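In what follows, a structure is listed as structure tokens, so that the remarks can point back to it.
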């Protein structure tokens, strides 16, 4: 029974992903009023619950891998379950967040009522790319040193940070970016490309703890903590960018 503990955590990952979907479906756009009485369309603040459940899914996703290695319980079944859970928690649920941001961004447009819903469909390119990335991962030999393409949980966490940034970071240029549909399309395209690409990106699995073999990993951890202290939620997308840049910069050290 103890050998099934990692798989139970994987199923908990899927449960949290399902809860994120429920919260996303219940927390769309709302009509609010400014102090002068003028009505406007905005995101429901309750949408932060989607981010919460994606974050919880990421936590148990880390724990299931840790437990599998600690208990020597790695299995083909666990690998398949993990990918199925990740597709929901870090592919479909985040896509729903992007869908709502696209709805909000186009709602600011003067011709919002005449715009076609097809403009919102690109949000769901994200789970398509995630499914491709996860299927390829399942067929590839396991490597302690590199990932081929951006891991799907990293994409999920980046997108989960967007509502938290929107409601908590009081920088107008940041809000303007999040309400710009073309920025959102560029973000979707970039994340999809990174997931399906064959870029060699470092893992955070340590085969040893010496500085020469783990320089990019230690740099990523230290710089990430500094970014979180200074920039709070805004640090999360920057950490993903930093992760990709350090992987490419130190490519010869982890390939």
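Here, each number is a calculation from the coordinates, and none is a lab measurement. Given the structure is predicted, the values throughout are model-derived calculations rather than measurements. Every residue, glycine as well, gets a Cβ built from its backbone with ideal geometry; the counts of neighbours run over all protein chains shown.
Between residue 193 and residue 69, how high is the FRET efficiency from 1/(1 + (r/R0)^6) when r is the Cβ-Cβ distance and R₀ = 41 Å? Nearest 0.05.
So the FRET efficiency works out to roughly 0.85.
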How far is the Cα center of segment 149-172 from the Cα center of segment 176-228, in Å? 12
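If a/c stays under 1.5 just call it rounded; otherwise compare a/b with b/c (prolate if a/b is bigger, oblate if not). Do that for segment 114-255, with a ≥ b ≥ c from the square roots of the Cα gyration tensor eigenvalues.
Values: a/c = 2.83, a/b = 1.36, b/c = 2.09.
Oblate shape, in that a/c is at least 1.5 and b/c is the bigger or equal ratio.
Based on the mean of other Cβ atoms within 10 Å per residue, sort peptides 65-71, 13-19, 195-201 so the most packed one is first.
Per-residue Cβ counts within 10 Å, averaged per peptide and sorted highest first, yield 13-19, 195-201, 65-71.
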Percentage relative contact order, the chain, counting C-alpha pairs under 8 Å, at least six apart: 20
Between segment 50-79 and segment 16-36, how many Å separate their Cα centres? 28
Based on the Cβ-Cβ distance from residue 125 to residue 5, what FRET efficiency comes out when R0 is 30 Å, to the nearest 0.05? 0.30
Just order 174-186, 93-105 by mean Cβ neighbour count inside 10 Å, highest at the front, would you? 93-105, 174-186
